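Worksheet for the structure shown next.
The values are calculated or read from the model by the stated rules, or taken from the named source; none is laboratory data. Since this is a predicted model, take the numbers as computed values, not measurements. Positions of Cβ are generated from backbone atoms using ideal geometry, with glycine treated the same way; all protein chains shown enter the neighbour counts. Calculation scope for accessible area: heavy atoms of the full protein, side chains included, ligands and nucleic acids excluded. Shrake-Rupley method; radii C 1.70, N 1.55, O 1.52, S 1.80 Å.
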Amino acid sequence: MLSKPEKINIYTKDSHQGIIAFVSPIKYTELNEFVYKLKDKKDNSLVVILDGVQDPHNLGAIIRTAKCAGADAVIIPQRRSASINATVNKSSAGAVSLIPIIQVTNINQCIETLKENNFWIVGIENTGDKNYFDIDFNMNCAIVLGGEDEGISKLVEKNCDIIAKITMPGSFNSLNVSNAASIVLFEIVKQNLARNLENH
């Protein structure tokens, strides 16, 4: 007779803590449905657009950070992206079930839809002409982060309203994309908290 850990090992190759659950695949949210629902939201809206993030661990970590930072959704393309799977779910600590995930066929068309709904598009690239912390995020905002190797694609970068950088005084100028997401998203959290304190 197999032990409990041996039984679990049949279903997963990943390390585990003696528990396994069988859940339905996540249901993606439609972009137009999401934008329509946001119209009743009073506070600044925040979405994260991932342009070609292909590592499932990075995708999961970013989804987790986005949920922790109060983002309204994470947007990924159908192609050139990690898909939502067990690894992403585990890396997100289950956040994939707690925040809308929007899968789109074309990131640039998605950006145009967001712009039509009063979003500012902020790309994060080391070629940016201003620091991320110099941006006033008091707005409906979409943060765009590029893939691990190539960053934001040229056309997507061209369609951003602002390109901002994370200044790195060290001799190495490349952050993991999930780390970059954390830095920028929690700058937005900090600004929101400071603004709320000023208003009370």
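Assorted remarks:
- Per residue, the chain exposes 60 Å² of accessible surface when a 1.4 Å probe is rolled over the protein heavy atoms with every protein chain present.
- Accessible carbon and sulfur surface of the chain relative to its total accessible area, %, 1.4 Å: 49 percent
- Dmax and Rg, reported as Rg then Dmax, of the chain (C-alpha, Å): 18.1, 64
- Loop-located trypsin sites (Lys or Arg not before Pro) in region 42-99 (DSSP state not H, G, I, E or B) with no more than 15 neighbouring Cβ atoms inside 10 Å: 42, 79, 80.
- For peptides 29-36, 121-128, 44-51, 135-142, sequence by mean Cβ density within 10 Å, most packed first: 44-51, 121-128, 135-142, 29-36
- Cα-centre dipole for the chain with unit charges at Cβ (Lys and Arg positive, Asp and Glu negative), debye to 20: 640 debye
- Using a cut-off of 22 Å between Cα atoms, the listed pairs 115/154; 41/90; 41/190; 39/67 include 41/90 as exceeding that distance.
- Distance between the 7 Å Cα→Cβ label points at residue 130 and residue 78: 3.6 nm.
- Cα-based helix-to-principal-axis angle, 107-116 vs the chain, degrees rounded to 10: 50 degrees
- Label reach from residue 190 (point 7 Å along Cα→C-beta): in region 65-84, amide nitrogens under 19 Å belong to 65-71.
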